[in-house]
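**Q** Before we start, here is the structure in question, set down as structure tokens.
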Amino acid sequence: MGIEVNFEGKIALITGASSGLGARFAKVLAQAGAQVVLASRRIDRLKELRAEIEADGGAAHVVSLDVTDYASIKSAIAHAETEAGPIDILVNNSGVSTTQRLVDVTPEDYAFVMDTNLRGGFFVAQETAKRMIARAKGDPNKKHRIINIASVAGLRVLPQIGVYCMSKAGVVQMTKAMAVEWGKYGINTNAICPGYISTEINEDYFASEQGRKLIDMLPRKRPGKPEDLDGLLLLLAGEDSNFINGAIISADDGMTAT
């Protein structure tokens, strides 16, 4: 007995795919056989990623997406399905943050984080789910997967990023609500809550004095790597997650266990 990792014939949309975890998620799903649709505002970066995926024998498409713009969301998802086909898997990954005390948060700061992480994530999932539900009504055996990328910051308060914590806590509750409402249509909605993961975006910070102090506070005094999330991603995206719905799964090296 074993888990089969074969996504041949599956279409996966990954938001925030231009860098960091989103780029890794796209590569992993493409290597597993899925056609991936890469979505973000940075089209040049997406085209570079598409070239990497195609050089490795995968299939990728590029769509422009600004998750803070409702019209852009609707247009991007329609474009994705026109280019690649009906979306089977959504990896809802777009996210931003600011670093400041709560008393220093401006309305602009608040909107910047909430509009991307919570509002944008909700409407991307909603627009994708509308199409998934319509297909499920025609084929009750159809299976779809939505994977929302939350954070350990949605499970515990971390210093200096209070609004980010609030937004990711919203993603956690959003995931549960979607699982309850959409599960009857064969849509499994789950969330991954990564801990501190080192990517090209934050590796300089982790190398700094302040970053090293943060690492020393972690249970095993190390940040994760993007590949540490590969197994969880493949499980939740695949058929073997058929009985996993509404799960909020931490991948944080024990951080939330303390």
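**Q** Of Ala55, Ala32, Ala179, which is the most mobile in a GNM of the chain whose springs link Cα atoms less than 10 angstrom apart?
**A** Its mean-square fluctuation being the largest, the pick is Ala55.
**Q** Nearest 0.05, what FRET efficiency do Tyr110 and Lys176 give at R0 = 22 Å with Cβ-Cβ as r?
**A** Details: r = 23 Å, r/R0 = 1.07.
According to the calculation, E is roughly 0.40.
**Q** Here's something else I'd like to know. In Å², what does the accessible area per residue of the chain work out to with a 1.4 Å probe?
**A** Working: 12460 Å² over 258 residues.
Normalised by residue count, the accessible surface of the chain is 48 Å².
**Q** Could you work out which residue, out of Glu203, Glu54, Glu239, moves most in a Gaussian network model of the chain, that is, has the largest mean-square fluctuation with Cα springs under 10 Å?
**A** Ranking Glu203, Glu54, Glu239 by mean-square fluctuation puts Glu203 first.
**Q** Over the chain, with every protein chain in place, what whole percent of the accessible area is carbon and sulfur at 1.4 Å, could you tell me? Display every interim value, and only then the final one.
**A** Details: 6410 of 12460 Å².
That fraction is 51 percent.
**Q** Given Cα pairs under 8 Å that are at least 6 residues apart, what percent is the relative contact order of region 27-182? It would help to have the intermediate numbers written out before the result.
**A** Working: 214 pairs, mean separation 32.8, N = 156.
Computed value for region 27-182: 21 percent relative contact order.
**Q** Using helices alone, I'd like the mean residue ellipticity at 222 nm for the chain: each DSSP H run of four-plus residues gives -39500 (n - 2.57), total over residue count, nearest 500.
**A** Values: 9 runs with 107 residues, N = 258.
Value at 222 nm, helices only: -13000 deg cm²/dmol.
**Q** To continue, here is another question. Quick one: helix 70-83 against the long Cα principal axis of the chain, what's the angle to the nearest 10°, folded into 0 to 90?
**A** Approximately 50 degrees, to the nearest ten.
**Q** Could I ask something else about it? For Asn202 and Ala257, calculate 0.36 nm times their separation in residues minus their Cα-Cα distance, and state this gained length in nm to one decimal. Walk me through the numbers on the way to the answer.
**A** Values: separation 55, 0.36 × 55 = 19.80 nm, distance 2.38 nm.
Roughly 17.4 nm would be gained on extension.
**Q** While we're looking at this one, here's another question. Say the cut-off is 24 Å between C-alpha atoms; which of Lys27/Lys225; Lys142/Lys225; Lys176/Lys225; Lys10/Lys137 go over it?
**A** Lys142/Lys225; Lys176/Lys225
**Q** Taking only Cα atoms, what is the 0 to 90° angle, nearest 10, from helix 20-31's long axis to the longest principal axis of the chain?
**A** Long axis of 20-31 versus the principal axis of the chain: about 30 degrees.
**Q** Same structure again: Comparing Ala71, Ala80, Ala125, which has the greatest mean-square fluctuation in the GNM of the chain with Cα pairs linked when under 10 Å apart?
**A** Residue with maximal mean-square fluctuation among Ala71, Ala80, Ala125: Ala71.
**Q** Over its Cα atoms, what ratio of radius of gyration to 2.2 N^0.38 Å does region 88-154 give? Present the calculation step by step, with values, prior to reporting the outcome.
**A** On the way: Rg = 15.9 Å, N = 67, 2.2 N^0.38 = 10.9 Å.
Normalised Cα radius of gyration, region 88-154: 1.46.
**Q** Expressed as a fraction of 2.2 N^0.38 Å, the rule-of-thumb size for a compact globular protein of N residues, what is the C-alpha radius of gyration of region 128-202? Please report the intermediate quantities before stating the final value.
**A** Values: Rg = 15.3 Å, N = 75, 2.2 N^0.38 = 11.3 Å.
Rounded to two decimals, the normalised Rg is 1.34.
**Q** Just order 134-140, 9-15, 247-253 by mean Cβ neighbour count inside 10 Å, highest at the front, would you? Present the calculation step by step, with values, prior to reporting the outcome.
**A** Working: 134-140: 11.4, 9-15: 25.0, 247-253: 18.6.
Ranking, from highest mean packing down: 9-15, 247-253, 134-140.
**Q** Still on this structure, I have one more. Taking the Cα centre as origin and putting +1 on Lys and Arg beta-carbons and -1 on Asp and Glu beta-carbons, what dipole magnitude results for the chain, to the nearest 20 debye? Display every interim value, and only then the final one.
**A** Values: 28 positive and 31 negative charges, 131 e Å.
Using only the charged Cβ atoms, the result is roughly 620 debye.
**Q** For region 27-61 and region 95-165, what is the separation of their Cα centres, given in Å?
**A** What the calculation gives is 22 Å, centre to centre.
The values are calculated or read from the model by the stated rules, or taken from the named source; none is laboratory data. Nothing here was measured: the structure is a model prediction, and the numbers come from that model. Using ideal geometry, Cβ is built from the backbone for each residue, glycine included, and neighbour counts are taken over all protein chains shown. Each accessible area value is taken on the protein alone, full model and side chains, heavy atoms only, with ligands, DNA and RNA left out. Shrake-Rupley method; radii C 1.70, N 1.55, O 1.52, S 1.80 Å.
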